[in-house]
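Following: one structure in structure tokens, then a few remarks.
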Amino acid sequence: MPVQTRSLVAYAHVADVERSIAFYADLGFTVANRVVPDGHAAPIWAWLESDRANLMVGLASGPVDASVQAVLFYLYYDDIAQVHAALSDLGHAPGPIQHPFYMPDGEFRLQDPDGYVLMLAQAQP
């Protein structure tokens with residue numbers, strides 16, 4: 001029987017789980033689960049979800065160096081121009097909307113607080 005992956009969820013190590021929860025809330029994510037161990041005031045792990053998108057964020061055991069984040073997260077939206085405008089209004093600094101050959105309807109870059117690069121793109125019909 002061949003291997004069949006059912007789903008894939010990214011897990012990002014972050015410097016501050018609450019800060020990441022707040023950032024990803026601006027992208028439509030809500031907290032489905034979080035872990036606050038006894039003796040801790042803040043969560044050390046959270047499961048975030050938005051429609052069919054899921055992300056785990058966990059407290060890093062050491063410093064998070066934005067210059068060495070070597071993964072891209074692609075997030076898809078129905079109206080990329082509206083998302084770009086909304087994020088700008090919320091005080092984020094999204095890059096300009098580009099229209100490369102592989103994403104003719106548009107995409108733009110946004111960096112999360114820990115330096116992970118998010119590519120926000122127009123969902124294909």
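The values are calculated or read from the model by the stated rules, or taken from the named source; none is laboratory data. What you are looking at is a predicted structure, and each value in this text was computed from that prediction instead of being measured. Positions of Cβ are backbone-derived with ideal geometry, glycine not excepted, and every protein chain shown enters the neighbour counts.
Of note:
- When Y116 is tested against (1) within 16 Å of R19 (Cα to Cα); (2) at pLDDT 95 or above; (3) crowded, with 16+ Cβ neighbours inside 10 Å; (4) not polar (S, T, N, Q), only condition (2) is not met.
- Inter-residue pairs, beta-carbon under 8 Å, first under 17 Å from D16 (Cα atoms) and in the range 26-53, second part of a loop (DSSP other than H, G, I, E, B) and among the charged types (D, E, K, R), 6+ apart: A42/D16
- Among the residues of the range 22-55, just one is under 10 Å from the mean Cα position of the chain (by Cα), of a type in the set (A, V, I, L, M, F, W, C) and surrounded by fewer than 16 Cβ atoms within 10 Å (Cβ to Cβ), namely A25.
- Scanning the range 56-101 for residues that are more than 16 Å from S20 (Cβ to Cβ), in contact with a helix residue (DSSP H, G or I) (Cβ under 9 Å, 6 or more places away or on another chain) and among the hydrophobic types (A, V, I, L, M, F, W, C), we see that the one that is surrounded by the fewest Cβ atoms within 10 Å (Cβ to Cβ) is A93.
- Scanning the range 78-113 for residues that are in a loop (DSSP other than H, G, I, E, B) and free of Cβ contacts under 8 Å to residues at least 12 places away in the same chain turns up G91, H99, P100, F101, Y102, P104.
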